[in-house]
Each structure stands twice: as C-alpha cells, then as structure tokens.
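In what follows, a single structure is set out as structure tokens and then discussed.
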Amino acid sequence: MGKGIGLSAKKYALHIISNGFKESTLTKMDRSGLNPYFKNVIISEDVGVNKPDKAIFEYALGKAGAEKHESVMIGDSVEADIRGAQGYGIKAIYFNPLNKEKPEDVEWQITHLEELLLHF
C-alpha cells in the first residue's frame, strides 16, 4: 500500500475524507505513517456531516482548492464513498479488495491499490 500511495503522492495531491471520529482517525494516520502523503484530512466530526452528504465533498474540494472535474474519490464504501461522490458530481473508484460483486452504477473499481498506477 505504501508504495502505491507514495508514487501517487508525487504526481497528485492526496486528501482523506473520513466518517471516523477525529481523535481515532488522527491516531490511525499517525501510527500508520500515512500523514506525509496527505495534504488534508477531512473528518466528518469537524465538518458536521458524514459521507455521503454532498456538503462534506463540497467542504473537501474547497479545502483542497480543487474542482469536481479534476478530482477522483477512491473508497471502499459503495454508499458513502462512491455514490456520495457520484451524487456530488465527482468521479469515483471503488476499492474492492474482496472482489465483491460490483453494482451496476459503479463505473470503476480496483482490487489492489497498485492498479491506480496503471490508470492514473
């Protein structure tokens, strides 16, 4: 996972949107060593809404200084991550490491993070 993230972070600005609690999310980020790869960590507790609410995606894009057309959401929750992003007008990639059946409304999926390097 670190290799794929590291290579992607050199080319793209990476941000996290989490429905987790602030303290536990920041602790996980710190312990995993992922902090250097991400410019922003958007936590629903701080924003006041959870994914799939459009407001959290709007907040995240504003914080990132990004536009919908130049952004991609990568997530493992079809409802919160993928449908939430798509409902806001952001392309989304379903991270599906267990290779569950892909819903028809999910355009893109990957089963390994390294697959991102092939597409982006």
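The values are calculated or read from the model by the stated rules, or taken from the named source; none is laboratory data. These numbers were taken from a predicted model, which means no experiment stands behind them. Ideal geometry is used to build each Cβ from the backbone, glycine not excepted, and the neighbour counts take in all protein chains shown. Side chains included, ligands, DNA and RNA excluded: accessible areas come from the protein's heavy atoms. Shrake-Rupley method; radii C 1.70, N 1.55, O 1.52, S 1.80 Å.
Quick notes on this one:
- The chain: relative contact order as a whole-number percent, Cα under 8 Å and 6+ apart: 21
- Close amide H pairs (under 5 Å, H built 1.01 Å from N) link Leu14 with Lys39, residues at least 5 positions away or on another chain.
- Expressed per residue, the C-alpha convex hull volume of the range 30-87 stands at 96 Å³.
- When only the Cβ of Lys, Arg, Asp and Glu is charged (+1, +1, -1, -1), the dipole of the chain relative to its Cα centre reaches about 400 debye.
- Solvent-accessible surface ranking, highest first, for Leu26, Leu34 at 1.4 angstrom: Leu26, Leu34
- Per residue Cα convex hull volume in Å³ - calculated over the chain: 104
- Per-residue [θ]222 nm for the chain (sum of -39500 (n - 2.57) over DSSP H runs n ≥ 4, rounded to 500): -10000 deg cm²/dmol
- Per the Cα gyration tensor, the range 60-114 maps to an equivalent ellipsoid with semi-axes of 21, 12, 9 Å, ordered largest to smallest.
- In this structure, the amide hydrogen of Asn96, modeled 1.01 Å from its nitrogen in the peptide plane, lies closer than 5 angstrom to those of Ile110, Thr111, counting only residues at least 5 positions away or on a different chain.
- Take His69: with every protein chain present and a 1.4 Å probe, its accessible area is about 150 Å².
- Protein accessible area in the range 1-116, 1.4 Å probe - carbon and sulfur %: 50
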